[in-house]
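> One structure coming up, written as structure tokens, with questions to follow.
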């Protein structure tokens, strides 16, 4: 809003401040060049916005694609964690069973030794007791103790075998549990890496969105300024027409264009013609003249007789010479490395007015040549 207000004030100054014809041309050229620069910036901003939008779409697609991988990895991790829990519970149960079996085996061992001790005590008692058929008594004792001993021995052997089987099962389950635990840890790493990559992409997308928002703000500002300047340029064009109609800005009727028309100011290929210049995305800007490629320092000749109304630096035109040929017709010669005439000077057709270069807004040595009718650019090829 502040920028537009400043531009409006500038417009008021244009119409309220008295100035010579050359100053009006100078302001008109400066404003037109500023519009051209803003259009270029707008086109660049639109290209940037398009690139950023495309990049955001690509990153979003990658994030969505990764989401499927993350979900798959998380499901795999959940399955492995469930398997690990089952194996761990089974291993814990086997450990408890092994402990119980070991205790039972120890009890059987103690019972076996107790039975042996009882057998010894009975043998001693049989010898010390009078009146007892010792042979028969010993035979009965031996038979009973042998049965007890055999049962205990069988139970102890069975328990020992059972414990060894449990030990083997426990070992296998421990190995399986370790394998599942390793796979679970690996899957944890995979899931963490995918989530980290997804977070990095989300952060990059956030940065690109901020950049896009900034570019869109700049584009709005450029567009607003270009619209304001376009209005000011149109007003100045009317001012120029009024000045030329009064005969205050240029040559007399006798110094106009010759019967043969304009001559070429320099000889070289045309690298940019008159008219709209469009980018691949459809954005266009208007080129008000033709660009003729020539080396720096090439002499520039006046296209026709006339009077110099601008000779100096004019914004993006760089060093500019403008010649009024009378009857509302004028020519402009931009990007000069050196100017050879001054404002108010009369020049003849073919006279050297300066030397080519690359001053102002340009990307290589050339001459920017314009023909204007009542201040409005027209195609120079119709006059050359």
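The values are calculated or read from the model by the stated rules, or taken from the named source; none is laboratory data. These numbers come from a predicted model, not from an experiment. Here the Cβ positions follow ideal geometry from the backbone for every residue, glycine too, while neighbour counts run over all protein chains shown.
> Restricting the range 66-101 to residues that are loosely packed, with under 15 Cβ neighbours inside 10 Å and closer than 26 Å to residue 155 by Cα, which is farthest from the chain's Cα centre (by Cα)?
Checking each candidate, the answer is 100.
> What number goes with the only condition from (1) over 30 Å from residue 175 (Cβ atoms); (2) surrounded by 14 or more Cβ atoms within 10 Å (Cβ to Cβ); (3) at pLDDT below 80 that residue 63 does not pass?
Every listed condition holds for residue 63 apart from (3).
> Hey, another quick one. If only one of 354, 344, 334, 312 is assigned to a loop (DSSP other than H, G, I, E, B) and either under 17 Å from residue 261 (Cβ atoms) or not assigned by TED's automatic domain parsing to the domain that holds residue 44 (or both), which one is it?
Residue meeting the stated conditions: 344.
> From the list 58, 47, pick out the single residue that is at pLDDT 80 or above and not assigned by TED's automatic domain parsing to the domain that holds residue 370.
Details: 47 fails: at pLDDT 80 or above.
Answer to the check: 58.
> With respect to residue 180, is the statement that it is modelled with pLDDT of 80 or more, surrounded by 15 or more Cβ atoms within 10 Å (Cβ to Cβ) and part of a helix (DSSP H, G or I) true?
Judged against the criteria, residue 180 is a match.
> Scan the range 190-199 and give yes if some residue there is over 30 Å from residue 80 (Cβ atoms) and either out of contact with any helix residue (DSSP H, G or I) (no Cβ under 9 Å at 6 or more places or on another chain) or touching a residue at least 12 places away in the same chain (Cβ under 8 Å) (or both), otherwise no. Lay out the reasoning, then the answer.
Narrowing the range 190-199 to residues over 30 Å from residue 80 (Cβ atoms): none.
No, the range 190-199 has no match at all.
> Kindly provide the set of residues from the range 183-213 that are exposed (fewer than 13 other Cβ atoms within 10 Å of the Cβ) and farther than 22 Å from residue 70 by Cβ, ordered by number.
210, 213
> Return the only residue of 307, 322 being within 19 Å of residue 263 (Cα to Cα), in the same structural domain as residue 262 (by TED's automatic domain parsing) and either over 46 Å from the mean Cα position of the chain (by Cα) or part of a loop (DSSP other than H, G, I, E, B) (or both).
Going through 307, 322 in turn, the sole match is 307.
> Report, by residue number, each residue of the range 373-384 that is modelled with pLDDT of 90 or more and in a strand (DSSP E or B).
Listed by number, the residues that qualify are 373, 378.
> If you don't mind, there's one more thing I want to ask. Return a yes/no flag: does the range 374-381 have any residue that is exposed (fewer than 15 other Cβ atoms within 10 Å of the Cβ) and over 44 Å from the mean Cα position of the chain (by Cα).
yes
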